[in-house]
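The values are calculated or read from the model by the stated rules, or taken from the named source; none is laboratory data. Please read all numbers here as calculations on a predicted model, not as lab measurements. Cβ sites come from the backbone with ideal geometry, for glycine too, and all protein chains shown count toward neighbours. What goes into the accessible areas is simple: the full protein's heavy atoms, side chains included, and nothing from ligands, DNA or RNA. Shrake-Rupley method; radii C 1.70, N 1.55, O 1.52, S 1.80 Å.
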Amino acid sequence: MTSDPKTAERYAKCRTGNLACVLGKTRLLGFAASAALSVGLLISEQVSAHPRLGHPKQTIGLPNSTEFMQVGSQQQAPAGDFKRTWMGGFVYYPDGPTVMAGKISDNQPALAALPANLPIVIYMHGCSGINQASTISAKHYADAGFAVVLPNSFARTYKPTSCDPNIPRGGMHRGVLEWRHKELAHAIQQIRSLPGGKDRPVVAHGFSEGAITVATFEGDAPFKARIIEGWGCHSLWPEYRGLKARSGEPTLALVADNDPWFRSRALSGDCGAFMDSKRHRSVVYSGQDVLTNEHFLFRDVRVQKLVDTFLSNALASGN
């Protein structure tokens, strides 16, 4: 797999809302270019990382907030509303030298025509929805030969606010985790209906709120690999705490030591505290590392290479 420096350079110059600027030569098939784009995601290179396994356990708190917020914790989703997140989501896939991208609802025949052995990455977006972090990550995977599906939590008819990225502040809708688990389970079900069925390799990559979803998912899948980006597995809410990956599931967790979303002691720590397998690895960016204060890590070329190598090994292992 290779990174795309031109995309990174283009991304740094893009104006909010200009999705075509981010995608460059990507062909759009009915793509909804109105996806919300976040700000403050800077492109940088030359990052060094070190694994920190078994970070000391700490007093832990609520996701993304120094305050204990119960707002929206009892809100119920309309029955079956989670199904809209698949058809309202997006897909990227390689077509020769070109990356195709569009809404899943507009690309059902293309999905059905994907080779049965082509790995699919399920990308679970953060609390603010599908944004530049999502599109840069998806394009990287598609450039590397993966198909990528991005369920869209904001395609629901009813979606309570779970964060304010401008502060940043999260934990505003505690029940969102159960909602996101249903979205992930439904995506797996839909992928299983494609050629290849249960034998198709599936990777789960979660970012931020999506990373909490991937870390705590206990479905019947197992994944070929889990990527947990921008989450440290620590919370006082028990359903948010810990790591549910099986010991045989290759799992890579990535977090910055001074992530602006998790600066309170209640949220400090990394997923290594919950890892007990040689197939699990936690990487923390700290000290003088340029990513020490960042939330979106996969934008960095060396993080991409780390994930590329990890997935290459995971897919070759045949778990």
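Length gained on full extension, GLU178 to THR292: 38.0 nm, using 0.36 nm per residue less the C-alpha separation.
Taking all Cα pairs closer than 8 Å and separated by 6 or more residues, the relative contact order of region 133-203 comes to 18 percent. Once backbone amide H atoms are built at 1.01 Å from N, VAL290 has SER48 as its partners under 5 Å, excluding neighbours fewer than 5 places away on the same chain.
The order of ARG180, ARG169, ARG84 by accessible area, most exposed first and with a 1.4 Å probe, is ARG84, ARG169, ARG180. Taking the Cβ-Cβ separation of SER312 and LYS244 as r and a Förster radius of 35 Å, what is the calculated FRET efficiency to the nearest 0.05? The computed FRET efficiency comes out at 0.90. Relative contact order for region 180-280: 23 percent, from Cα pairs under 8 Å spaced at least 6 residues apart, divided by residue count.
Inverting the pair-averaged 1/r between distinct Cα atoms of region 153-200 gives 12.7 Å as its Kirkwood hydrodynamic radius. With K and R counted +1 and D and E -1, the other residues having a Cβ less than 13 Å from that of SER153 yield a net charge of +2.
Using a cut-off of 27 Å between Cα atoms, the listed pairs LYS159/LYS305; LYS182/LYS244; LYS139/LYS278; LYS159/LYS224; LYS139/LYS182 include LYS159/LYS305; LYS139/LYS278; LYS159/LYS224 as exceeding that distance.
For region 63-200, the relative contact order comes to 38 percent (Cα pairs under 8 Å, sequence separation of at least 6). Electrostatic tally near LYS182: other residues with Cβ closer than 12 Å to its Cβ, Lys and Arg +1, Asp and Glu -1, net +1. The 1.4 Å probe gives accessible areas that order ARG279, ARG246, ARG226, largest first, as ARG246, ARG279, ARG226.
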